[in-house]
Structures are given as C-alpha cells and as structure tokens.
1. Using the Kyte-Doolittle scale, find the helices of the chain whose mean hydropathy is at least -0.5 and whose Cα atoms extend 18 Å or more along the helix's long axis, counting only whole DSSP H runs.
2. Just check region 124-224 against the gyration tensor rule for me: Cα atoms, a ≥ b ≥ c as the square roots of the eigenvalues, rounded for a/c under 1.5, and otherwise prolate or oblate depending on whether a/b exceeds b/c.
3. Once amide H atoms are placed 1.01 Å from N in the peptide plane, what residues at a sequence separation of 5 or more from L83, or on another chain, have their amide H within under 5 Å of its amide H?
4. What size of dipole, in debye to the nearest 20, comes out for the chain about its Cα centre when the only charges are +1 on Lys and Arg C-beta atoms and -1 on Asp and Glu C-beta atoms?
5. Give me the mean projected area, in nm² to one decimal, of the convex hull enclosing the Cα positions of the chain.
6. Hey, what number do you get for the chain at 222 nm if only DSSP H runs of n ≥ 4 count, each worth -39500 (n - 2.57), divided across all residues, to the nearest 500?
7. Going through region 1-75, which GluC sites (Glu not before Pro) have at most 15 other Cβ atoms within 10 Å and a DSSP loop state?
8. Determine the relative contact order of the chain: mean sequence separation of Cα pairs under 8 Å and six or more apart, normalised by residue count, in whole percent.
Amino acid sequence: MTSTVVITGANRGVGLALARHYHDAGWAVIGVCRSGGDEAAELRDLAETLIEGIDVTRAEDVARLKQSLAGRHLDLLINNAGLLQDDVLGEIDVDSLRAQMEINAYAPLRVTEALLDNLGEGAKVANITSRMGSIADNDSGGRYGYRASKAALNAFGKSLAVDLKPRGIAVAQLHPGYVKTRMVNFGGLIDAEEAAAGIARRIEELTLATSGGFWHSNGEALPW
C-alpha cells in the first residue's frame, strides 16, 4: 500500500526537496502551498495532489485544506512552511514578530489539529523548526521573531508528542541545517536535497519511544 505524505510550503526550498525525495521513494505526495501558477510548476510534476492557495495562517484556508483531505489516510504530515525576518534591537517591528509567530508556530499547530482525523496509529508529524529556536544554543542574539517563533513551535511539538502518544502518533522537531535557500539568500552550507535526505532519515528513525525530540537533520540531538 502506498504511503502518503502532506507537505506544507512545498513549492520551493526544503519543502520542494522533500516533495521530490518522497516522490522518488514511491510515496503519494500531497503538496500544499500558498502560491500557485508558475511558482508551483515543479511541485505539480511531483505531487499526486496539489492544493494551492492555502495560507496556513488563515483559519478559512486551513478549513479548506481539511475539507480537501476529508477521508484521506495520511502516514506523515510535514509542517514546513516558514518565515524568517531579521529583527534588529532598536528597530523591532512588532508586526514582523507577530507574522513570524503566526506562520512558524501557530500554523503548524493549527494544521496538525485540523488533520488529526487523517492521522491514525503509526502516523508521524514532523515540524521543520530551527536550532535558532534553542534557548541554550543562543550565543549570538538577534532574530527575535524567528527565535521566539521556533522556540514556541518546539514547545507545541513537545506537547503534541505527549498528547498524541496514546493515539500511536509520533512527533519530531527537525532542524534542516543551514540550507542554501531563498530564505537565507542562498548563503547556506548544504543544499536542499541534502537537508531533505537527512530529514527523511530522522523521520524514518522516529518512534513513539523517541517522540518529542529535537534533532538536527544530521542526527545530532539539539539542546532546548
């Protein structure tokens, strides 16, 4: 039986690389993205189902996503959609902080809750977070909204792991690495395909016994 994965923010960067990885591995890929048209052209070739025009911060769009997937069994949900903005002390824009919190933290929780009926025993949820959400690892400051939103996502993911364990659903918080994507002006250390392969290995290794952990895509356990 073919396994099915839903990936948000799947039309570019790590999300697109994950779609390609799971497509090549024989999975049915359901790609979810805000932008359609030409921006989703490559994803359209990879996804069995493409759900366009979904802004994961909008309740009505998440409701439409839920309706679109009604009755569909999901083996894996990857909450990948994200936003990085550079907040500098002395020039902090609270609207920027709020936007990052909405996309990076609230949206993954909202999407996961909306799709709970699709996730049965043995299913997994992977939240694409960042080591910048680690409080213990913060020795460079700055990036207030991104750090706070990813720390919140880690907290949400840990609670999801506890609450979903009795249902047989495992949850992981996964840092992809410093990836050469548009988000960082392509200044990263690894390419999106390498990050996706590492993330997929961590997901494959994930069990109920390890559910709730926070890992680098290379397998390193990260501090909270």
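1. Correct list, ordered by number: 144-164, 192-205.
2. In terms of gyration-tensor shape, oblate.
3. Answer set, sorted by chain and number: N104.
4. 420
5. Over all viewing directions, the chain projects a mean Cα-hull area of 11.7 nm².
6. After summing the helix terms and dividing by residue count, I get -11000 deg cm²/dmol.
7. Here the sparse-neighbourhood loop sites are E48.
8. About 19 percent, as a whole number.
Just so you know, all these numbers are worked out from the coordinates, no wet-lab data involved. Worth saying up front: this structure is predicted, and the values here are computed from it rather than measured. For neighbour counting, all protein chains shown are included, and Cβ atoms are generated from backbone atoms with ideal geometry for every residue, glycine included.
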